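Asks: Just passing along the structure, written as C-alpha cells.
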C-alpha cells in the first residue's frame, strides 16, 4: 500500500503543473483512507523536499503541574506560530505504577485520527502515542498558533505517600508537519505530578490574618510550614460580611502567583489552584485576596479566609476592620 501511494504521488508530481501546496491537497485526500502519517512518510522518501529550519513547534501541558488523588485533566497544546499545520504526532511517557490515564479526548483542530494508543494499553506500558491529521474539508482553515492536540485525565495509581513524578514527551516519536511539508523542530512538553501529598496537619500554623494594602483593599493570611517537607496549597475560600455595597473580589494570589482572576460579588467565593503552589519546609507563605470597588476608606467588615493544604489540612483565619 505504501509503495502504491508513492507511485501515485510521483505520478501526480509529474503531471500536475502546480505548486507543492496543490500536491499536498492530493496527499490529504488520499490519507483519509490510510491510517499512517502519510505526509511525513512520503516526504521522508523523497516525494517532497522537507525544510527543517523554517518551522518550530513547542508542545506544552496546561496546567504543567497538578496534584492527585482526584481526577485531574490537562491539555496537550502545541504552538506553531504563524505556520499552518496538517499533521501532528506526540508520544507521552508516564510512570504507570504511580499514575494512570482515566480518559483521553482528542482535540478539535486536527480531527483525523491516524493512530491512537488505547488507554488500557497506555496504562500497561506507560506510553501513549497519538497521530492526527487535518480533515480534507478543513484544508482552508488549517490550525496555527496555539491549539489543543488532546486532553488527558490522570488519576493516582498508588497509595504511597508524597510521590513526585514527571510526565514527559519523547521528541524522537513526536512530529509536526506544516501544509508546506516542512517538518518542524519540536520542543517537548513536560508536567510535574504530586501524588498523595501527606503531612501532619498540626505542623502547619496560622501566622496572622489582616486587612492590608496601601488602600486597604486586600485580605492577607499567612501560614507557616513547620514540617521538614514541602507542602502544597490545594484549596482556598473567602467569606465576608460587610455593609459596603458593590464589593467585588478581584483576585487570589499565593506569593507571587496570581491563580484566580475574579470577578466575584458572592460570599463565600471558592477557587482551588489548578497547578502546584508550593510552601517549602520551614517557610511562611502569604495568601492574598484582593477586592475592588471598595470605598476610598478601604475595606470594612469581617473577612474569613480558609486555606487547604495537601488536600486534607484546613486552616481558617479571621479579621475585622
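Asks: Residue by residue through segment 213-231, note down the ones that are surrounded by 18 or more Cβ atoms within 10 Å (Cβ to Cβ) and not in a loop (DSSP other than H, G, I, E, B).
Replies: 218, 219, 220, 221, 223, 225, 231
Asks: Same structure, new question: Check segment 168-183 and report whether any residue there is crowded, with 22+ Cβ neighbours inside 10 Å and in contact with a helix residue (DSSP H, G or I) (Cβ under 6 Å, 6 or more places away or on another chain).
Replies: Yes, that holds for at least one residue.
Asks: Working only within segment 271-284, note down all residues that are within 26 Å of residue 154 (Cα to Cα) and either in contact (Cβ under 8 Å) with a residue 40 or more places away in the chain or surrounded by fewer than 13 Cβ atoms within 10 Å (Cβ to Cβ) (or both).
Replies: 273, 274, 275, 276, 277, 278, 279, 280
Asks: State whether one or more residues within segment 236-245 are within 28 Å of residue 262 (Cβ to Cβ), under 28 Å from the mean Cα position of the chain (by Cα) and surrounded by fewer than 20 Cβ atoms within 10 Å (Cβ to Cβ). Spell out how you get there, then give the answer.
Replies: Step one: filter segment 236-245 for residues within 28 Å of residue 262 (Cβ to Cβ), giving 236-245.
In the following step, the residues that additionally are under 28 Å from the mean Cα position of the chain (by Cα) were identified as 236-238.
Retained after the next criterion (residues that are surrounded by fewer than 20 Cβ atoms within 10 Å (Cβ to Cβ)): 237.
For segment 236-245, residues within 28 Å of residue 262 (Cβ to Cβ), under 28 Å from the mean Cα position of the chain (by Cα) and surrounded by fewer than 20 Cβ atoms within 10 Å (Cβ to Cβ): present.
Asks: What is the one condition in (1) within 21 Å of residue 161 (Cβ to Cβ); (2) over 24 Å from the mean Cα position of the chain (by Cα); (3) surrounded by 17 or more Cβ atoms within 10 Å (Cβ to Cβ) that residue 308 does not satisfy?
Replies: With (1) within 21 Å of residue 161 (Cβ to Cβ); (2) over 24 Å from the mean Cα position of the chain (by Cα); (3) surrounded by 17 or more Cβ atoms within 10 Å (Cβ to Cβ) applied to residue 308, the lone miss is (2).
Asks: Residues 97, 70: which one is surrounded by fewer than 21 Cβ atoms within 10 Å (Cβ to Cβ), at pLDDT below 95 and either within 28 Å of residue 310 (Cβ to Cβ) or not assigned by TED's automatic domain parsing to the domain that holds residue 168 (or both)?
Replies: Working: 97 fails: at pLDDT below 95.
Within the list 97, 70, the selection yields 70.
Asks: Related question: Under 30 Å from residue 230 (Cα atoms) and outside the structural domain of residue 311 (by TED's automatic domain parsing): is that true of residue 156 in this structure? Lay out the reasoning, then the answer.
Replies: On the way: under 30 Å from residue 230 (Cα atoms): yes; outside the structural domain of residue 311 (by TED's automatic domain parsing): yes.
Yes; evaluated as a whole, the condition is true for this residue.
For every residue, the table says whether it meets (1) surrounded by 15 or more Cβ atoms within 10 Å (Cβ to Cβ); (2) farther than 30 Å from residue 100 by Cβ; (3) at pLDDT 95 or above.
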position: 155; (1), (2), (3): yes, no, yes
position: 164; (1), (2), (3): no, no, yes
position: 187; (1), (2), (3): yes, no, yes
position: 193; (1), (2), (3): yes, no, yes
position: 202; (1), (2), (3): no, yes, yes
position: 233; (1), (2), (3): yes, no, yes
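Asks: Does residue 128 qualify as being more than 15 Å from residue 148 (Cα to Cα), surrounded by 19 or more Cβ atoms within 10 Å (Cβ to Cβ) and in contact with a strand residue (DSSP E or B) (Cβ under 9 Å, 6 or more places away or on another chain)?
Replies: So residue 128 fits the description; yes.
Asks: Residues in segment 232-257 that are part of a strand (DSSP E or B) and within 24 Å of residue 275 (Cβ to Cβ): how many? Give the steps one after another, and end with the answer.
Replies: Within segment 232-257, the subset part of a strand (DSSP E or B) is 232-241, 248-254, 257.
When the remaining residues are screened for being within 24 Å of residue 275 (Cβ to Cβ), the result is 232-238, 249-254, 257.
Adding up the residues that qualify gives 14.
The values are calculated or read from the model by the stated rules, or taken from the named source; none is laboratory data. Here the structure is a predicted model, which means the values were calculated and not measured. Note: ideal-geometry Cβ built from the backbone for every residue, glycine included; neighbour counts use all protein chains shown.
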